[in-house]
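Throughout, read-outs are computed from the coordinates displayed, never taken from laboratory work. Everything quoted here is computed from the prediction, not taken from an experiment. Quick reminder, even Gly has a Cβ in these numbers, built from the backbone with ideal geometry, and neighbours come from all protein chains shown.
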Amino acid sequence: MIHLHFNLQLVQFLADHREIWLTRFFLLASLIGSARTYIFLMIFLYVAWDKRLAIRLSVLFLLAVSLNDVLKLLIRNPRPFVADGTYVKKWAVSAAQLKVLVAEYSTPSAHAMGSAAFYSYFLALTRNRTLRVLFVVAILCIGASRPYLGVHYAEDVLMGWAMGLFMALAAIAYAGRLAELWAKLPYGLQIVITVAASVTAWLVTAALNGGRIDSQVQEQDAYWGFVTGIAIACPLERRTVDFDSRSGGAVAKLLRYAVCIAVMAVVLFPLQFALAPLAARTAALGCAFDYLRYTAAVVAGMLLGPLVFTKMRLATGMKDSGRHEKAV
């Protein structure tokens with residue numbers, strides 16, 4: 001472990017001066033900055049606003065949080081109050097979160113890194129002043145929630161913001177060119193590359209963790225399962241359905257969103273119950289099952305979902321509307 005000389009006094013000061021209303025606000029901000037919230041948001045962007053933007057944001061965010069786990073295991077800095085054993089009293093989180101967070105390292109903050117990458121990229125692509133202000137506020141509030149709740153140092157947040165912003169700027173500069181190069185690769189090779197990258201990320205994370213499969217290693221299954229699902233489903237959706245994400249009114253878009261969520265849930269949870277008895281999640285085989293489960297759920301949401309809601313006339317196919325989006 002690396003005991004960095006971060007400002008524990010600031011985290012202690014915040015813990016000593018919490019207010020109920022402010023704690024509730026920052027718990028909400030922390031929830032908004034969780035990976036699950038981003039996934040629900042990205043699904044909505046995919047079915048109701050802009051498919052290409054949703055896919056790029058998804059890949060950027062998933063790469064950011066995957067890299068964050070690797071960095072945490074490299075730096076191995078314990079969270080505040082873990083060394084002296086007072087974290088149970090000083091963290092303003094639920095018992096379930098407490099159990100997960102104490103097993104993870106602190107530096108850098110995944111909430112800060114993910115929000116900076118996601119919202120900075122999003123901000124650069126919109127001219128809506130209100131949205132830009134909201135994105136900046138989201139980055140600041142999500143980051144500030146972590147030291148306030150006692151689970152991160154302020155330095156963890158600053159490092160997360162810096163790295164997330166760097167990734168967003170790199171994506172702004174190179175995403176278009178990388179997308180063009182990716183689109184030129186044969187479909188089969190795209191899948192092979194994505195699966196190889198997924199396995200490599202998992203093996204590196206597990207190795208850095210001393211071979212132990214805990215939450216930080218298991219998270220790689222979800223992140224890279226989603227990336228693999230996108231790589232599989234995106235080209236197939238363009239060839240078979242090619243729905244117009246901007247077609248239809250508000251009700252149609254909400255119904256499309258509901259259909260996608262339902263289709264993903266129908267795949268994700270039955271597979272969880274079916275595969276759970278075959279291997280523990282803390283085993284390599286269990287991680288492989290989780291990876292396949294998340295991959296299948298994303299393929300269902302991105303491909304089967306559009307097939308269903310276009311049949312229900314909740315969206316117009318791009319070929320039918322005479323408009324086509326550029327390749328992702």
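In this Cβ point-charge picture (+1 for Lys and Arg, -1 for Asp and Glu), the chain has a dipole of about 820 debye about its Cα centre.
Between rounded, prolate and oblate, where does the chain land on the alpha carbon gyration tensor, with a ≥ b ≥ c its root eigenvalues, rounded for a/c under 1.5, else prolate if a/b exceeds b/c? Taking the square roots of the gyration eigenvalues as a ≥ b ≥ c, the chain is prolate. Between the Cα long axis of helix 51-75 and the first principal axis of the chain there is an angle of about 30°, rounded to the nearest 10. Considering only Glu19, Glu219, Glu237, the Gaussian network model of the chain with Cα springs below 10 Å gives its largest mean-square fluctuation to Glu19. To the nearest 0.05, what FRET efficiency results for Leu181 and Arg238 with a Förster distance of 25 Å applied to their C-beta separation? With a Förster radius of 25 Å, E is 0.90. Exposed loop positions in the chain were taken to be trypsin sites (Lys or Arg not before Pro) whose DSSP state is not H, G, I, E or B and which have at most 13 other beta-carbon atoms within 10 angstrom. Between these positions, the longest stretch is 1-126. The string of couplings for the stretch 286-295 from the Karplus curve (6.51, -1.76, 1.60, θ = phi - 60°) is x, 5, 4, 5, 4, 4, 5, 5, 5, 4 Hz, one whole number per residue in order, with x for Gly and Pro. The stretch between Thr37 and Ile20, if pulled fully straight at 0.36 nm per residue, gains 3.8 nm over its current Cα-Cα span.
What is the helix-to-structure angle for 35-48, meaning the angle in degrees between its Cα long axis and the longest Cα principal axis of the chain, kept from 0 to 90 and rounded to the nearest 10? That works out to roughly 20 degrees.
By definition, a body whose alpha carbon gyration tensor gives a ≥ b ≥ c is oblate when a/c is 1.5 or more and a/b is not larger than b/c, and the stretch 164-316 fits this oblate description. Between Gln9 and Ala258, the modelled label-to-label distance comes to 5.6 nm, taking each label 7 Å out from Cα in the direction of the beta carbon.
Shown in residue order for the stretch 158-175 are the 3J(HN,Hα) couplings computed by the Karplus curve 6.51 cos²θ - 1.76 cosθ + 1.60 at θ = phi - 60°: 4, 5, x, 4, 4, 6, x, 5, 4, 5, 5, 5, 5, 5, 4, 7, 10, 4 Hz (x for Gly and Pro).
Please determine, in degrees from 0 to 90 and to the nearest 10, the orientation of helix 187-208 with respect to the longest principal axis defined by the Cα atoms of the chain, where the helix direction is its Cα long axis. The angle comes out near 10 degrees. Each helix, a run of at least 4 DSSP H residues, gives -39500 (n - 2.57); summed and divided by the residues of the chain, these come to -24500 deg cm²/dmol at 222 nm. List the residues, sorted by chain then number, that are 5 or more residues from Phe243 or on another chain and whose placed amide H is less than 5 Å from its amide H. Under 5 Å from the amide H of Phe243: Met318.
Number of Lys-Lys pairs in the stretch 10-174 with C-alpha atoms under 26 Å apart and a separation of 8 or more places or on different chains: 5.
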